[in-house]
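No lab work stands behind these numbers, since they all come straight from the coordinates. Bear in mind that the values here come from a model prediction, so they are computed numbers and not experimental data. Please note: Cβ atoms are built from the backbone with ideal geometry, for glycine as well, and neighbour counts cover all protein chains shown.
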Amino acid sequence: MVLSNATDGSLNRAPRFSPQPLDRIAAFIIDAMILSSLLSLVTAWPLRALREAMLVEDWFMILVSLTVMGLFFVSGAIFYEVLGLRFFCTTFGRRIYGLEVRDATTKKPLSISVAFLRTVSRWVEVVLGWPALAIFLRADRKPFHDRFCQSEVDYRRPLPLRARYVSEPDVVEFKIGKSLGLFIIVFWLSFLASVVDVCERHHLPQTVQAFFAELKEKDDDSMCEAVTTTLERTHLTDDRLDLAIALKTMDTIDSECLKQEIENALKQDYESSAVRFAQAMAEDGELADFYLLSVCEEDSSSEYCKAQKIISAWRDKKIGEAQKEIERSNSSSLIMRVLTALQGLKSKDFKLTEAALAPLWQDPGFVPAVTELKMLSLWGLGERKTAEELFQASLAFSSSATSAQQSYQMCQLELQEGCPTQLSHSCGYLISNMQTLAFHGKPLSALIDLAMCGNPQAQKTIENESLIVQPNWLELLKAYQYQLKGDIKTATKMYDRILRDSESLNWMKAESRLRLFSLSNESAGESKFYKAWLKQDPLSWDWRRQGWTLLKKAFLEKDYLLSLSIAEKLIKIEPNNNRLQDVQIIAELGIGKSPHSKNLKSLVEGKMRDQRREFRREVASASQNVEPLSSKTQLKQRESELREVFGEKK
Amino acid sequence: MIFPFLDGFSTFTKAPVTWMIFFLNGFVFVLSSFFSNISTPDLSDDFYRIQGRLYANYIQSQSELFPESSPLYQLSLTSGGGSSQNEKILGQLSLRDQTFLSQIAVEKPDSVEKKFAQRWLARMNEVEGIDPAYFFGFSSATNFWVSIWTYQFAHGGFFHFFANMIYLFIFGSWIEKRLSSVTYLSLYLVSGATAAWAFLWMGGPTHTALVGASGAISGLIGFFAVRNGMRPVRFLYWVLPAQGYSGYALLPWWTAALSFLIADIAGLVSTPNFSGGIAHSAHLGGFIFGAAFAGALSAYPSLYSQPSSAEHKSR
């Protein structure tokens, strides 16, 4: 509302009237532009130092350059305004719009101290967006800094041509002020929300990465203890569970460990979709399905519910729906995607793995877990050359722990198809870098597997006594050499000593226990080892190795029915393993099946490598004269005993 | 926002050379966009990161060239831990290291790293051969005497092209009216060439391609600043969306020239060598040449017709 167009240069002031609010805002904008331009020059050097220091994480330099920049900014902004107000009652911006700042009572220029206080309080208000609200909403149009310092903004004298006074805010200005206020509130709320969101998004992957860094050197059995101890530092139940789920997803902890975390959450009467999902992961079979279905009941907007939908859609063969769910879901959710990818791997749905990994793969950054999953899915999809190339590319940039894990996984895939005579890149890398990789436990077991299946390079590597990387490591190798040479007595003694030695790591003890069992006279089918194996999680690392030991033992004992049973269980995990198929054929023949029976014929003629087909035909042909192990009555009796042991209904 | 508007935009008949330069830039821009969309495997973040990792390995293996206390060595250590930003920076920096570029493919025979480096170099050659920005761009890897002219007509994106063309029209058409077409074209092209030379001289050899007309246009600004240092010229300003807070203002030209210089000097000082983006050194090189050209032209007043005060429009 324009009340006067004073252009006559009159010195009479109208106390109720104030200069146009837009003049004051425009003056501020111009001052800010001039200041930012000048300060950009002054702070250029510390800004460069800051950028360089941030790259190399030189915290001292970061602190110094930030302090210098802050000082330049604050002092520059203050001096520009304080000196301008004290000596000229104005600044460049205000001068352009003909404005002055004076003492409200005496109309004299502000003293240095008052000008300083006014400037500091004004900048604090500016950061909050407050002054603009005050000049639109308050009757006296005075922001806090003017009232605090008893100053006022007025046009200079004589009045400039553009001077226009306004009285108390009118309806339109109230509306502008309120809209501005609303905008400021929304801005700060959204800012806070985005900060919380960013923190949440970054917190979990970072913590998980930190976990992995901490847990890299630990062996499997002590992992749970270490994880639980570390999780004690996290107080929020959801955070703890999220981390535990992530670690289970990466096979860093086992189901038992996850169950401990679930119990911990349930003790606090805490139920959420994360708990349900964790329960689904910790269980098998129908119980897992039941928990999985109830994930969305707790929170239909959670990441776990999204993962559940994807997994369920895929299970129901609604591939298109699953892919849409994956596309709809938040691409930054690493855990959800890795979970889904892993689900795909476990159920041999490699396309699911590919779909879940696709957005992560666009920016892989050689994230070890993602790269590993990608390799495995490529292998599963038959793109073995690409998988090998990816392995090679990843090696150049991986830590030894990552290389160990990846080469182990790749070599295992190759081992599943039979004993490699010509080593691939992954198994070759594993053998030639064993000195470094042996620290990480798992590669050693792959090396032993390779050596046991008769690979000469692996056997030669094991003979290399310079591979002393952990206590009892050499002893374990020597014991194995004795075992190979047939000196079972010495080998048993050595394994036994390793088992009892407190310095031995858990994986060594597990390995020794397994070897001792394989060398013992105990029958495979009646051993406690076998009963314990049946109760174990089939997806755990030890399960497969133990299964193979049991299978070998049962096979050597000519217990073909047990061999067949073990082989059938193993083949669910390793469907493409030719060695298992061979065992199946021989075991089927062993229990008296005709080589012309449908199942055996399909096994012999089925999808397999060419070089094995001939071998199997020979076995099938030679087995024409194989006598069945037992009579039909004996077989039935044995079968019912075994079914009892398996806990299966007849 | 404040913006020199001078005489505004001139028609083709009044500033034909400026329009021709615009058409040429536009043609190259459309060509670049077309080829970029159909075939360019551009230098994506991942590509830079791969370079960065290779370069980090190289730095760590060359203790004589990069002692442990050197910033690059420290940077190479941080890049392995998953710092994608640092990897990208190292990737960009690697383009400036001629020794690395010449040795990377021959180091460590039969290693995985070598195979990866070969793949990277092949990709690099592919990009340089296909991407119009690299094809026209100026760098240590390109033909100096050809690319020093061609880079002035290529742009990195629409806004780069748009902003440069606005400045070209405002300053170019104003100067063209006061210089002969040949002198004006010479000023434009040689300013651009000087800018490119300054870019290499100040930043060191690099495989990062320099593109854009801004170096040449900075020459026009430098020329204008010297010829009109104290004269008031027309600026377009916009402070608030209300009547009386936007329009034209007459300000002495040196205020705007100073703000250009401040922005470029601040940018140059505050930007570490490895950061990409605006080539402040090229801007400054072009500006200085334009200013020097204007000074030299004082000896030949017949080549330049002084603007009369009536030519300046008031608001």
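Around the amide H of residue B:210, modelled in the peptide plane, lie the amide H atoms of B:138, B:139, all under 5 Å away and 5 or more residues distant in sequence or on another chain.
Close amide H contacts of residue A:102 (hydrogens built in the peptide plane, cut-off under 5 Å, sequence separation of 5 or more or a different chain): A:152, A:154. Note on residue A:506 and residue A:79: the extension gain reaches 146.9 nm, defined as 0.36 nm multiplied by sequence separation minus the Cα-Cα distance. For segment B:128-269, the relative contact order works out to 24 percent when only alpha carbon pairs closer than 8 Å and six or more residues apart are counted. Residue by residue along A:172-185, Cβ atoms of other protein chains within 10 Å of the local Cβ number 0 on average. The H on the amide N of residue A:166, modeled in the peptide plane, is under 5 Å from the matching H of A:18, A:20, each at least 5 residues off or on a different chain.
Averaged over peptide B:235-241, the number of partner chain Cβ atoms lying within 10 Å of each residue's Cβ comes to 3.
Shape of segment B:164-287 from its Cα gyration tensor (a ≥ b ≥ c, root eigenvalues): rounded if a/c is under 1.5, otherwise prolate when a/b > b/c, or oblate? Oblate, since a/c reaches 1.5 and b/c is not below a/b.
Averaged over the residues of peptide B:262-272, the number of Cβ atoms from other protein chains lying within 10 Å of each residue's Cβ is 5. Karplus-based coupling profile of segment B:143-160, in residue order and whole Hz: 5, 4, 6, 8, 6, 5, 9, 5, 4, 5, 10, 10, 10, x, x, 5, 5, 4, with θ = phi - 60° in 6.51 cos²θ - 1.76 cosθ + 1.60 and x standing for Gly or Pro. Sorting the segments A:27-39, A:59-71 by their mean number of nearby beta carbons within 10 angstrom, highest to lowest, gives A:27-39, A:59-71.
Residue A:26 sits among other residues whose Cβ lies under 14 Å from its own Cβ, and their net charge, with Lys and Arg +1 and Asp and Glu -1, is +3. When each of the peptides B:211-219, A:171-179 is scored by the mean number of other C-beta atoms lying within 10 Å of its residues, the order from highest to lowest reads B:211-219, A:171-179.
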